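> Next up is a structure, given as structure tokens.
The values are calculated or read from the model by the stated rules, or taken from the named source; none is laboratory data. Note that the coordinates shown come from a computational prediction; the quantities given were computed from them, not determined experimentally. Reconstructed Cβ throughout: ideal geometry from the backbone, glycine too, with neighbour counts over all protein chains shown. We work out accessible area using only protein heavy atoms, side chains counted, and drop any ligands, DNA or RNA first. Shrake-Rupley method; radii C 1.70, N 1.55, O 1.52, S 1.80 Å.
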Amino acid sequence: MTAPTHQMCGLSFGLATFLMWPKENLDWTELTIFFSLVLFGALLPDLDHPHSRLGRRIPILSYPLYWIFGHRTWTHSLFFVTIAGIVGWGIGAFWDWPIYLKIALAVGVLSHVIGDFFFDGGVPLFHPISKKKYRFIVTAKTKRPGSFSFSENLVLLFLILINVGMLSMYWKWWE
């Protein structure tokens, strides 16, 4: 999946997570922190690829991760989701954040892993215990650099519609 698809997938999961908590007083600072962490988490699993959006910005981490582990290995596993959850919870505990902020980073990482589950490359959910890659029965073709992928653009459009739908439902509830 390309970065826009990861970001839309992260936004979809973020909106769904955000909507689960009652908000008597909407705090725009917390909302900004939440979606920033979700979006960062959605990009984080591709840190192991030097040409990814995050990998290009942090090559000092990206290249060693790629050389040692390769792409779509442990950063696309439930193990990495757990690590992101522990890190997010620790940061959130330090700043005394509400629970939905503490899990925001893990929500973003999970959205990426689940998103890649629906693409042809699959994900090694149980890495490092098992290197077997899992994918959904019907998958979309991953867009390759310099190519056009109808299936990935269709997934992107679907995610955009989900986000618009969830936001419109939220604003109706808010009135």
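> Go over the candidates GLY55, GLY88 one by one and state the one that is touching a helix residue (DSSP H, G or I) at 6+ places or on another chain (Cβ under 6 Å) and closer than 16 Å to SER111 by Cα. Talk me through it step by step, then tell me what you get.
Values: GLY55 fails: closer than 16 Å to SER111 by Cα.
Only one candidate passes the filter, namely GLY88.
> Which fully enclosed helices (runs of 4 or more DSSP H) of the stretch 47-160 have 3 or more residues being open to solvent by less than 20 Å² (accessible area, probe 1.4 Å) and either of a type in the set (A, V, I, L, M, F, W, C) or out of contact with any Gly (no Cβ under 6 Å at 6 or more places or on another chain) (or both)? It would help to see each step written out before you state the result.
Values: elements: 53-57, 59-69, 78-95, 99-102, 104-117.
Because the criterion is at least 3 residues that are open to solvent by less than 20 Å² (accessible area, probe 1.4 Å) and either of a type in the set (A, V, I, L, M, F, W, C) or out of contact with any Gly (no Cβ under 6 Å at 6 or more places or on another chain) (or both), the helices (runs of 4 or more DSSP H) in the stretch 47-160 that meet it are 78-95, 104-117.
> Applying the selection to the stretch 97-130, what residues are under 23 Å from THR17 (Cα atoms) and of a type in the set (Asp, Glu)?
ASP116
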